[in-house]
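To start, the structure itself, in structure tokens.
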Amino acid sequence: MDAAAPRRRTAPLLVARFPDAATANRRLGGLSLAARWAARAREAGQALAIFAPGLSRWPAVTRDDFARVGLEPAIVTTVEPGATVLDARYLPDPAALRAAVRGAPVDHAAVIDLADERMAIRRLVVATAKPSDGVVSRWLNRPVSQRITAMLLRYAPFVRPSHVTGVVGTVALVMALSLLSGTATGLVAGGILFHVASVLDGVDGELARVSYRSSPEGAVLDTRVDLLTNIGFFVCTAVALTRLYGGLQAAVGGMAVMLALLGLGIVTWLAKRRGAHGSLDVLKPYYRERFPDGWQYWVTEALVAATSRDFFAFAFAMVIVLGYGWTVSWLLLGFVSTWLAAVVCAMPGVLRQAELQTLRGI
């Protein structure tokens, strides 16, 4: 079937009714309202058709939106009896959609008013937060990055996740140059920029999720930029502290860098064994599954928080700004040693999981 042609159904399970064709094709947060409704209906496990007076075919941009969401656009010119019809100017969450199909009233708090562009974008972006966010990310980084994402979606909708990834890489480069200057001011600037890169790193993912632009290629690019930023901070901080405080800093910083590279090599290998291409996040899922409750759970959560990038980027920035930059190399060594120990301890279990996935054909 030609994807450009509307697909008509006689009695769809769920019909989103727009006041007119222009509203159905209006874009919000990088996606047409019709495509966003279709994606939300799929999340609720519902078949959806679009009804709007005067709508018979989709323009190219809306067809592209549907293709990005991975759905085929469906249009009905009349609403048959028995269909569940909802006002498409309001976007319920998946649970509310399922309730509406069963005939239950829709909770007002679970509905986004699409006419209020600023608030609608804000709520769509807030919903992109990850359950795995660490403490610093949840309470500091994510609120800032979400505001930036919302502003980009509203005032610069042409910006893509890859553009933001490029900005993060640029910030990382300026961070490295600041640290390599070997001055106290450069050390402070580098520490602050490391945290700024950590905050901005959330924006590209939020943009991708809210506009359905997530891709394996984007995930790989984001991971590589993150790795280069982290290693760049480790190496350049060691150089900066050596120039400021002497040779002992070189020895400690060099050890931290070597252990970090060893750990990254192991994690990369484990990720490939598990088929987690584009992501190196293998430790958190393993430990959280291994220790779902009890005191081990709280120890695991503490280790996860302490070894997450958002936490150590913020912590190192604060230590440097407060004038204790000379301790960073020692803190890095302690952090990397703890993280490497966690990696080594998780290796047998992660490999067993990978073997089970292979046997099950996952």
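Observations on the structure shown:
- Of all residues in the range 21-37 being open to solvent by 10 Å² or more (accessible area, probe 1.4 Å) and of a type in the set (A, V, I, L, M), the one that is nearest to Pro161 (Cα to Cα): Ala22
- Any hit, the range 49-57, residues being farther than 16 Å from Ala24 by Cα, open to solvent by 70 Å² or more (accessible area, probe 1.4 Å) and over 27 Å from the mean Cα position of the chain (by Cα): no
- Meets criteria (touching a residue at least 60 places away in the same chain (Cβ under 8 Å) and not charged (D, E, K, R)) for Val304: yes
- Scanning the range 123-134 for any residue that is over 25 Å from Val304 (Cβ atoms) and over 17 Å from the mean Cα position of the chain (by Cα) turns up nothing.
- Residue count for the range 168-189, restricted to those that are under 18 Å from Ser215 (Cβ atoms) and aliphatic (A, V, I, L, M): 1.
- Options Ala189, Ala150: the member that is in a helix (DSSP H, G or I), at negative phi and open to solvent by less than 30 Å² (accessible area, probe 1.4 Å): Ala150
- Single residue of Thr229, Thr242 found to be surrounded by 20 or more Cβ atoms within 10 Å (Cβ to Cβ) and modelled with pLDDT of 90 or more: Thr229
- Here Leu207 does not qualify as more than 10 Å from the chain's Cα centre (by Cα), hydrophobic (A, V, I, L, M, F, W, C) and buried (at least 21 other Cβ atoms within 10 Å of the Cβ).
- Candidate set from the range 273-301 (those that are hydrophobic (A, V, I, L, M, F, W, C) and open to solvent by less than 60 Å² (accessible area, probe 1.4 Å)); member that is farthest from the chain's Cα centre (by Cα): Phe291
The values are calculated or read from the model by the stated rules, or taken from the named source; none is laboratory data. Please read these numbers as outputs of a predicted model, since none were measured by experiment. In this analysis, Cβ positions are derived from the backbone assuming ideal geometry, glycine residues included, and neighbour counts consider all displayed protein chains. Ligands, DNA and RNA are stripped out before the accessible areas are found, and what is left, the full protein with its side chains, is counted by its heavy atoms. Shrake-Rupley method; radii C 1.70, N 1.55, O 1.52, S 1.80 Å.
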